[in-house]
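**Q** What follows is a single structure, and I will ask about it in a moment.
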Amino acid sequence: MIKCKNCGNLFEGKYCNQCGQSAKTKRINYEFLWEDIQHGLLHYDKGISYSLKKLFEKPGYIIEDYIEGKRINHFRPISMVIVMATIYALIYHLLDLNHRTALDDSSGLLLEKVFEHYYWFVVSTIPIYALTTFMVFKKTGYNFYEFIIFEAFKTSQRLLVHILFLPILYFLKDKSGFNTISNLLLIIDFILIFWTNKQFFNQIPSKKVLLKSVLSYLLYLVFAIVSVSLIIFAFGYD
């Protein structure tokens, strides 16, 4: 019999039958930390790399399976979007992309602030997008909380694309270049959104999914940008 170091339960086997902790608990050292990093980010099961890969293969079907209960192989969507947004923020500031003196009009400043604080923007507006998607696709039978998971996966998918574009923004610091990339990313974002929605809502005709996707996306942009604008103008540009 083995005594669980977590709850004190006596059990046999590899895992405690009360709390699920492993029978083998190593002392925390560099090997422990490296294994933790590998398991969290690189390991096939529950790894970010695995989940992101699947989001660019069959995104809608993968998210549908996750919501229906097939979750063992995936990184948790809320944790994943936070990790991806943090990576975005780190790269953005390491490349020093928050100094664009050419962006001196109000629309440019708003776009700059959205990109500069993209971490907070995408994370804080997930409930807003979930709400607009829930409103438009309400008859599909999914609840609001399931739509939060749905949008968290989609946000991680788009974040990866935005991260890949950050080095391009580094070489295009002028206003016209910044606006071009911003518009291109908006187009790519919607293509990914429609592609994922088409697979996820596969019982609905493609044209109807397209129209509903456009409506929910526009509603999201309006609500999100208005909210961000109010925050920015309330607390200033700095």
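**Q** Take the residues in the stretch 17-29 that are open to solvent by 100 Å² or more (accessible area, probe 1.4 Å) and at pLDDT below 75, then tell me which one is nearest to the chain's Cα centre (by Cα). Walk me through how you get there before you give the answer.
**A** Keep residues of the stretch 17-29 that are open to solvent by 100 Å² or more (accessible area, probe 1.4 Å), which gives 17-18, 24, 26-28.
Those left that are additionally at pLDDT below 75: 26-28.
Working: Lys26: 32, Arg27: 33, Ile28: 30 Å.
Per the criteria, the residue is Ile28.
**Q** Given the conditions (1) of a type in the set (Phe, Trp, Tyr); (2) closer than 23 Å to Ile187 by Cβ; (3) without any contact (Cβ under 8 Å) to a residue 40 or more places away in the chain, which single one is not true for Phe147?
**A** Exception for Phe147: condition (2).
**Q** Could you say which residue among Asn183, Asn197 is assigned to a helix (DSSP H, G or I) and open to solvent by less than 20 Å² (accessible area, probe 1.4 Å)?
**A** The match here is Asn197.
**Q** When the residues of the stretch 141-175 are narrowed to those that are in contact with a Leu (Cβ under 9 Å, 6 or more places away or on another chain) and among the aromatic types (Phe, Trp, Tyr), which ends up most open to solvent (accessible area, probe 1.4 Å)?
**A** Tyr170
**Q** A follow-up question, please. Kindly list the number of the only condition in (1) at pLDDT 90 or above; (2) under 21 Å from His162 (Cβ atoms); (3) part of a helix (DSSP H, G or I) that fails for Tyr66.
**A** (2)
**Q** Name the residues in the stretch 119-135 that are among the β-branched types (Val, Ile, Thr) and either modelled with pLDDT under 95 or farther than 18 Å from Leu221 by Cα (or both), would you? Walk me through how you get there before you give the answer.
**A** Going through the stretch 119-135, the residues among the β-branched types (Val, Ile, Thr) turn out to be 122-123, 125-126, 128, 132-133.
Answer for the stretch 119-135, where residues must be among the β-branched types (Val, Ile, Thr) and either modelled with pLDDT under 95 or farther than 18 Å from Leu221 by Cα (or both): Val122, Val123, Thr125, Ile126, Ile128.
The values are calculated or read from the model by the stated rules, or taken from the named source; none is laboratory data. Bear in mind the structure is a predicted one, so any value in this text is a computation, not a measurement. Counting neighbours? That spans all protein chains shown, and the Cβs are built from the backbone with ideal geometry, glycine included. Surface accessibility is based on the protein's heavy atoms, side chains included, excluding ligands, DNA and RNA. Shrake-Rupley method; radii C 1.70, N 1.55, O 1.52, S 1.80 Å.
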